[in-house]
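The values are calculated or read from the model by the stated rules, or taken from the named source; none is laboratory data. What you are looking at is a predicted structure, and each value in this text was computed from that prediction instead of being measured. All Cβ positions, glycine included, derive from the backbone under ideal geometry; neighbour counts span all protein chains shown. Surface accessibility is based on the protein's heavy atoms, side chains included, excluding ligands, DNA and RNA. Shrake-Rupley method; radii C 1.70, N 1.55, O 1.52, S 1.80 Å.
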Amino acid sequence: MSVVKGSTEQINNSEPLMAVDIGGLILKNPVMTASGTFGYGQEYASYIDINRLGALIVKGLSLEPRKGNPPPRIMETPCGMLNAIGMENIGVRVFIDRKLPFLRQFDVTIITNIFGETIDEYKKVAEILSPLEGIHGLELNISCPNVKRGGIAFGADPDTAYEVTGAVKSVTDLPVIVKLTPNVGDIAGIAESVAVAGANAISLINTLTGMSVDIEQRIPHLKNITGGLSGPAIKPIALRMVWEVVNRVSIPVIGVGGIMDANDALEFLIVGARAVQIGTANFINPRATLDILEGIEHYLKRHHIMGINDLIGTLIPEGET
Ligand SMILES: Cc1cc2nc3c(=O)[nH]c(=O)nc-3n(C[C@H](O)[C@H](O)[C@H](O)COP(=O)(O)O)c2cc1C
């Protein structure tokens, strides 16, 4: 009944229904910030109304503060950027003391992105954050090197991806989103592993490893030599990977990678992503998230689509060869 009532109201005022369910986490709309590109929210609060976001995902948090890599650690490339920040962050306890009180004043879903160098570290960060008021979900960044397995990323091996997901699930009641690295051969296989381990949702993609050289000095532009590529250059790859994953797992998938405007976001939603994250676009236009949200709403109205859920996963695969 409530669905019919909602639909009728929505025809009358012609506002599309935008809420999405991400593994039990109900977001007011499908537009989220991507971790590491929106700080801890404070940095953007004077530019946009934070309350309008579907969710705010904070910069990745580790058990102890980290200084990250030495500079230069950002390099602009054609249609994108390379970063080798090296997971610099204030650490989970300083986040709780100095950043969480600010975030609590908003009516917005807060998701903490977490990482570690060992499975135990992931568990500890999850245990510390889970009981706290104002934190609604965890996103596991499994692109990080596993020091106990020779530095191979947790997300590069299906067994380790399974293990870290299961370990965090065992210590939290919060919805757990696992964020996949694209630097693998079989992304759908990794997705399947984390789904079996109990992930409530999957987000993808993190950055693609790349590099850039100063030909005059014959040195790498980044002190770290390699960095993570983000921005429009990676969008077709992200879209293809999202499509592969939605066809393999039944848990919700969140699309990330090179989304600069509403049309980009719509591609991900049509392919089957239930929400999108906006990353590099925030550096160019601090209002990008809300511009994208408004653009999606406009598209739904223009196509007489009642709500976002009627659009998600409606790709007509006629282009298949
Ligand atoms: C400067 C920078 C810092 C990032 N930090 C994190 C992080 O702490 N945790 C994480 O999971 N992803 C991090 N990412 C990856 C983004 O969240 C996102 O997955 C990636 O940039 C692709 O999206 P985009 O092309 O829209 O930027 C970072 C990206 C950038 C550019």
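Things to note:
- Kirkwood radius and radius of gyration were both taken over the C-alpha atoms of the range 173-321, and their ratio Rg/Rh is 1.02.
- Top positive-direction residue, dipole computed over the range 142-242 with Cβ charges, set 172, 161, 205: 205
- Gained length - residue 97 relative to residue 294, 0.36 nm times residue gap less alpha-carbon distance: 67.5 nm
- Rounded to the nearest 20, the Cβ-based charge dipole of the range 31-133 about its Cα centre (Lys and Arg +1, Asp and Glu -1) stands at 120 debye.
- Per residue accessible area of the range 2-310, 1.4 Å probe, in Å²: 43
- In order through the range 65-80: 3J(HN,Hα) via Karplus (6.51 cos²θ - 1.76 cosθ + 1.60), integer Hz, x for Gly, Pro: x, 10, 7, x, 8, x, x, x, 10, 9, 9, 6, 10, x, 6, x
- Listed residues 130, 233, 273: farthest to the positive end of the dipole of the range 2-310 (Cβ charges): 130
- Rolling a 1.4 Å probe over the protein heavy atoms of the range 2-310, with every protein chain left in place, gives an accessible area that is 53 percent carbon and sulfur.
- Whole-angstrom gap from the range 22-59 to the range 260-321, using each part's C-alpha centre: 16
- Accessible area of residue 269 in the full protein assembly, 1.4 Å probe (Å², nearest 10): 0
- Equivalent ellipsoid semi-axes - Cα gyration tensor, the chain, angstrom: 30, 23, 21
- Screening the chain for DSSP H helices whose Cα atoms reach 20 Å or more along their own axis and whose mean Kyte hydropathy is at least -0.5 gives 288-302.
- The label-point distance for residue 173 and residue 223, in a model that sets each label 7 Å from Cα toward Cβ, rounds to 4.4 nm.
- What separates the Cα centres of the range 74-148 and the range 182-227 is a distance of 17 Å.
- Solvent-accessible area of residue 94 with every protein chain in place, 1.4 Å probe, in Å² to the nearest 10: 40
- Here residue 283 sits with roughly 110 square angstrom of accessible surface, probe radius 1.4 Å.
- Cα-based reach from residue 99 at 16 Å (exclusive), listing lysines while leaving out same-chain residues under 8 positions away: 59
- Size of electric dipole in the chain: Cβ of Lys, Arg +1 and of Asp, Glu -1, about Cα centre, debye, nearest 20: 600
- Overall shape of the range 1-134 was characterised from the C-alpha gyration tensor. The equivalent ellipsoid obtained from it has semi-axes of 33, 20, 14 Å, in decreasing order.
- About its Cα centre, the range 110-256 has a charge dipole of approximately 260 debye under the convention of +1 per Lys or Arg Cβ and -1 per Asp or Glu Cβ, with nothing else charged.
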